[in-house]
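Working notes, structure below.
The values are calculated or read from the model by the stated rules, or taken from the named source; none is laboratory data. What you are looking at is a predicted structure, and each value in this text was computed from that prediction instead of being measured. Using ideal geometry, Cβ is built from the backbone for each residue, glycine included, and neighbour counts are taken over all protein chains shown. Calculation scope for accessible area: heavy atoms of the full protein, side chains included, ligands and nucleic acids excluded. Shrake-Rupley method; radii C 1.70, N 1.55, O 1.52, S 1.80 Å.
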Amino acid sequence: MFGFLPKRIQEGLSAVNPDKLFEVRIRKDRPVCVGYGGDTAYLTPCGLSLSAAKAFTVSGDELAQIVFELCDRSVYSHTDKIAKGFVTLPEGVRVGLCGECVTDGERITNIKNITSVNIRLPHAVKGCSDKVMSHFVHGVLNTIVISPPGVGKTTLVRDIAERLSSNLCNVLIADERNEIFPLMTSRDTVDAIVYAPKKYAFENGIRSMSPDVIITDELMGRADLEAVAMAERSGVKVIATVHGVGVEDVDREGEMRGIIGLFELAVVLGGGRGRIKEIRKLGENA
Amino acid sequence: MKTVTGLVIVLLSTVLGSLYASKFKKKRDYFVSLENFAVYLKREISFSASPLKTVVGSFRTDNEELAPLLNSVTEGEAVFPEYITEDERGIIGRFFEKLGKSDRTNEIELTSAFVEEIKRKKEEESGRYKRVAALSVKLGFFFGLAVFIILL
């Protein structure tokens with residue numbers, strides 16, 4: 001999985017328990033940090049440390065080589081994803097990128113001179129959706145999962161997808177970053193449209209695959225909300241995630257206003273990785 | 001006896017002439033295959049943006065001498081047959097070194113320029129082969145014939 005990193009960093013990571021490793025952050029000429037079991041530490045040749053003194057640092061040239069290797073030595077085949085700020089490995093590992101954006105009018109066409117790389121490692125947590133699934137006894141509800149980044153939204157919806165699949169429900173994954181689908185083990189009745197904008201994935205998925213449920217990650221912007229509304233008008237249930245800290249918070253202002261009205265159930269994560277803080281039936285409050 | 005020996009000499013010298021020409025044929029064939037690869041690569045980058053590993057893995061060629069160069073795309077330094085000159089190594093090596101490091105538009109431009117360069121080299125080598133092959137076989141034959149006549 002870490003084959004694209006310099007050997008010395010690979011060796012440092014081999015001394016770390018992979019089950020607790022959630023992210024690796026590499027910044028140009030700064031110490032390499034890792035997210036480990038909910039905390040952050042520096043990565044050293046001997047494993048983790050709270051002191052930056054012996055931590056690995058990565059030069060600009062090394063960072064460029066990391067991106068080159070990350071793209072399978074074919075940057076051109078990942079330019080569209082790089083322009084969106086990420087590359088996803090075949091294992092569903094999302095690698096976020098920061099640097100100088102190259103623009104063509106208002107459109108970002110590429111990111112050059114990469115200065116930061118954030119490797120986010122997904123972990124399948126079997127049964128983490130038990131509490132949510134208990135609300136689907138009489139059928140799947142349109143559900144929105146709300147949490148800040150890195151708390152476990154994707155893990156939760158992935159588990160929901162697997163549970164629905166094991167109940168022979170036709171699930172379509174609209175997987176814009178290819179993070180949900182690759183890690184799924186139970187996917188007999190699951191179809192996936194990956195790397196496509198939600199509007200395209202929803203429209204074409206509904207026409208061509210006739211799903212019972214569409215599962216998607218990270219709603220962002222008006223176009224995504226319109227795609228959800230269109231699916232619901234078509235009679236397809238939607239389970240989606242959004243960044244936020246609470247039900248009222250995500251619906252407050254801007255492009256996401258009205259999002260809560262599209263859903264029947266809200267699941268709020270917080271207070272620790274993967275912890276469900278609140279499950280609220282939205283129809284009852286309306 | 002002299003006749004048989006003379007005929008053998010004619011035959012041998014003609015074969016030697018064609019063996020000498022085969023070196024040029026190999027080089028021409030190498031550039032033909034390399035051009036085919038470059039055209040295929042350009043098409044794959046343009047239409048499917050397939051990664052280099054996939055492109056190299058799916059490219060089929062009968063020219064075994066090209067394989068070490070293609071493998072170098074994903075596994076380190078370029079390897080060439082001995083008949084490729086230093087200049088030619090420089091041109092091909094620089095292309096493979098730059099390959100894969102830029103966006104699609106730049107890669108297409110880079111590969112297009114390489115296709116043109118290799119096409120030019122291929123035409124040069126084809127012309128050279130035609131000239132050398134015809135000449136060396138003829139020279140071999142006439143040398144053998146001369147020896148044959150002297151022997152008689």
Using a basic spin-label model with each label point 7 Å from the Cα along Cα→Cβ, how many nm lie between B:Lys25 and A:Lys20? 6.8
Filter the trypsin sites (Lys or Arg not before Pro) in segment B:31-131 to those in DSSP coil with at most 11 other Cβ atoms within 10 Å of their Cβ, and list the result. B:Arg60
In angstroms, what radius of gyration and Dmax does the protein assembly as shown have, counting Cα atoms only? 30.8, 117
Of all DSSP beta bridges in the protein assembly as shown, antiparallel share, percent nearest 5: 60
Mind grabbing the interface size between B and A? I mean buried accessible area, both sides, 1.4 Å probe, in Å² to the nearest hundred. 1000
Any chance you could give the angle, 0 to 90 degrees and rounded to 10, that helix B:104-151 forms with the longest Cα principal axis of chain B? 10
For A:Glu248, placing the label point 7 angstrom along Cα-to-beta-carbon and taking segment A:146-170, residues whose amide nitrogen sits under 19 Å are A:146-148
Taking only protein heavy atoms and a 1.4 Å probe, what accessible area per residue, in Å², does chain A have with all protein chains in place? 47
Largest to smallest accessible area among A:Ile193, A:Ile9 [probe 1.4 Å]: A:Ile193, A:Ile9
With all protein chains present, calculate the accessible area of B:Glu82 using a 1.4 Å probe and round the result to the nearest 10 Å². 150
16 Å Cα-Cα reach of B:Lys23 towards lysines, excluding residues that sit fewer than 8 places from it in its own chain: B:Lys121, B:Lys122, B:Lys130
Please give the residues from segment B:45-61 for which the solvent-accessible area of heavy atoms, probe 1.4 Å, is smaller by at least 30 Å² with all protein chains in place than with the chain isolated. B:Ala49, B:Pro51, B:Leu52, B:Lys53
Straight-line reach only, C-alpha to C-alpha below 14 angstrom: list the aspartates and glutamates that B:Lys42 could link to, leaving out same-chain residues fewer than 8 apart. B:Asp103, B:Glu107, B:Glu109, B:Glu116, B:Glu117
Using a 1.4 Å probe and ignoring any ligands, DNA or RNA, find the accessible area of B:Asp103 and quote it in Å² to the nearest 10. 40
Assigned charges on the beta-carbon of Lys, Arg, Asp, Glu; segment B:2-151 dipole about Cα centre (debye): 660
Relative contact order (percent) for chain B, with alpha-carbon contacts under 8 angstrom and 6 or more residues of separation? 55
How high is the relative contact order of chain A, in percent, with contacts defined as C-alpha pairs under 8 Å that are six or more residues apart? 14
Listed pairs A:Lys81/A:Lys237; B:Lys98/B:Lys119; A:Lys84/A:Lys131 exceeding 23 Å between Cα atoms: A:Lys81/A:Lys237; A:Lys84/A:Lys131
Evaluate peptide B:96-108: per residue, the Cβ atoms of other protein chains within 10 Å of its Cβ; return the mean as an integer. 5
In nanometres, the difference between 0.36 nm per residue of separation and the alpha-carbon distance of A:Arg275 and A:Glu69 is 70.7 nm
Rounding to the nearest 10 and keeping the result within 0 to 90°, find how far the Cα-based axis of helix A:153-166 lies from the longest principal axis of chain A. 50
In segment A:1-59, what trypsin sites (Lys or Arg not before Pro) fall in a loop by DSSP, with at most 15 other Cβ atoms inside 10 Å? A:Lys20, A:Lys54
Taking the Cα atoms only, what angle lies between the long axis of helix A:222-233 and the longest principal axis of chain A, rounded to 10 degrees? 40
Given A:Ser14, A:Gly85, A:Gly139, which one lies farthest toward the positive end of the charge dipole of the protein assembly as shown, if we put +1 on the Cβ of every Lys and Arg and -1 on the Cβ of every Asp and Glu? A:Ser14
